[in-house]
Amino acid sequence: MKKTQLLKGVLEGCVLLIIQEKEVYGYELVQQLKLSGFTDIVGGTVYPLLQKLEKNELTTSVKKPSKDGPDRKYYQITPKGKEYCQEFIQNWQELESSVHNLIDKGGKKDDKNAGNDPAK
Amino acid sequence: MTKTQEMIQQNNELREQLNTENKTYYEEILIYMRLRDWLKDEEDIESKLLEILQDMISAQKDGISAKEYFGQEPKATADEILSNVPINWLDGLKILGLVFGISIFFSILSNLSADQYKINLLQLIVHSVTIGAGVIICLSILKKSTFEKEKTTTKLEILLFGATFVGVIGIFIASPYFISEAWTIVLPKEAALGMITLASVGVTWKVYSLPKGERLLWSGFLPIIWLFVLLAFLNYFPASSDWVQSSNGKVVVVTGVILGLIINYLIGFYAIKKMDVD
């Protein structure tokens, strides 16, 4: 499965986790995602996502004055968004442990079958 | 100044901070998103455009190019962003009302020397809709041509523009034949005069409420509009209408109109120059 497909389901939650930590503006958010390891992320992916989050009332935005020019839009988490984060963390942990188990099991099986012809 | 106008101005100023390459990349996105369906909320779109611009400038400061930052699929991304912008019915209605109003205005003006002011309602509606449709078609053609790899205007586009133009003119010419007289209403002269005076006052007021640069640009039209209103009044009073209809009168009228157009052109030219410098 391509990385992008895996990423789709998880990106919203990750963005919210960042915003929950600290209010950010668009560019900051992309930087944070990159620092966390999402090196392939681009602004183009983030903007529509931010729109959807605001539409679903998981985030809200405020304009704050900036020394470099016009006010800048900062994204903040809402109570609904905080709830979403909790659910996300829980779901992710459950999912992660299930997948982890499968990978482990598969790993153990491979060890046992070492030397045998897997086609048989 | 409305919020939207303020944001557009800020955008114009801020854009200068981008280097040539980034500026070109961004401006394609800018034009594409501004040519949106005229129903989408303009304030929302300008807000998003400004946000993206600010972020691109931050990226540039960190040595990241606009393309690297925004991605390799600007058109697809722009489409996605636009799809999340809500439709603003009120603004759409305002624009439709404006087109309708302009049609009525010119319809009355073109009947200057007639004895009665006749307005054919259905024809008016057809004209307004035709202009509206024509404009939308032209904008769609422009929108599709943004992001084209080939910067040269293709023959197809020219053909489409031409077809639209011909279509609009054709409908204008043909409509009197197809639309029955039953829809015509006769306006008493006073009412017609009242309407165009009110409209001219409204336009003048609107022009003066525009931000400085735009105000100068549009104010060139005001003398012409008021000239026509004056003519309509002159035609109304028996004393002066004879003069207007006479050959002397007509010469003066034509000279006045040409002068007005020249002044308008000069003012417009000066205004554009001033905007570039600011």
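Tabulated values for the structure
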{"item": "Unmet requirement for A:S36, which otherwise passes all of (1) out of contact with any Leu (no Cβ under 8 Å at 6 or more places or on another chain); (2) among the hydroxyl-bearing types (S, T, Y); (3) within 29 Å of B:E13 (Cα to Cα)", "result": "(3)"}
{"item": "Test for A:L16: is it within 14 Å of chain B (Cβ to nearest Cβ) and assigned to a helix (DSSP H, G or I)", "result": "no"}
{"item": "Near pairs, Cβ below 8 angstrom, 6+ apart or cross-chain, from the range A:52-71 (assigned to a strand (DSSP E or B)) to any residue that is open to solvent by 80 Å² or more (accessible area, probe 1.4 Å) and charged (D, E, K, R)", "result": "A:G69/B:E13; A:D71/A:K63"}
{"item": "Residue ID - farthest from B:D79 (Cα to Cα), chosen from residues in the range B:37-53 that are in contact with a Leu (Cβ under 9 Å, 6 or more places away or on another chain) and open to solvent by 20 Å² or more (accessible area, probe 1.4 Å)", "result": "B:W38"}
{"item": "Test: residue in the range A:43-56 that is over 21 Å from B:A78 (Cα atoms) and hydrophobic (A, V, I, L, M, F, W, C)", "result": "no"}
{"item": "Qualifying residue in the range A:29-41 (condition: touching a Phe, Trp or Tyr at 6+ places or on another chain (Cβ under 9 Å) and surrounded by fewer than 19 Cβ atoms within 10 Å (Cβ to Cβ))", "result": "no"}
{"item": "Lone unmet requirement of (1) within 10 Å of chain B (Cβ to nearest Cβ); (2) surrounded by fewer than 13 Cβ atoms within 10 Å (Cβ to Cβ); (3) more than 25 Å from B:E80 (Cα to Cα) for A:E96", "result": "(1)"}
{"item": "Pairs where the first residue, in the range A:30-43, is within 14 Å of B:Y69 (Cα to Cα) and the second is open to solvent by 50 Å² or more (accessible area, probe 1.4 Å) and not acidic (D, E), C-beta under 7 Å, 6+ apart", "result": "A:I41/A:K34"}
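Residue-by-condition table, conditions (1) open to solvent by less than 50 Å² (accessible area, probe 1.4 Å); (2) within 24 Å of A:P65 (Cα to Cα):
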{"residue": "B:K3", "(1), (2)": "no, yes"}
{"residue": "B:E13", "(1), (2)": "no, yes"}
{"residue": "B:L35", "(1), (2)": "yes, no"}
{"residue": "B:E73", "(1), (2)": "no, no"}
{"residue": "B:N84", "(1), (2)": "yes, no"}
{"residue": "B:L93", "(1), (2)": "no, no"}
{"residue": "B:G97", "(1), (2)": "yes, no"}
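The values are calculated or read from the model by the stated rules, or taken from the named source; none is laboratory data. Bear in mind that the values here come from a model prediction, so they are computed numbers and not experimental data. Ideal geometry is used to build each Cβ from the backbone, glycine not excepted, and the neighbour counts take in all protein chains shown. Heads up: the accessible areas ignore ligands, DNA and RNA and are worked out on the full protein's heavy atoms, side chains in. Shrake-Rupley method; radii C 1.70, N 1.55, O 1.52, S 1.80 Å.
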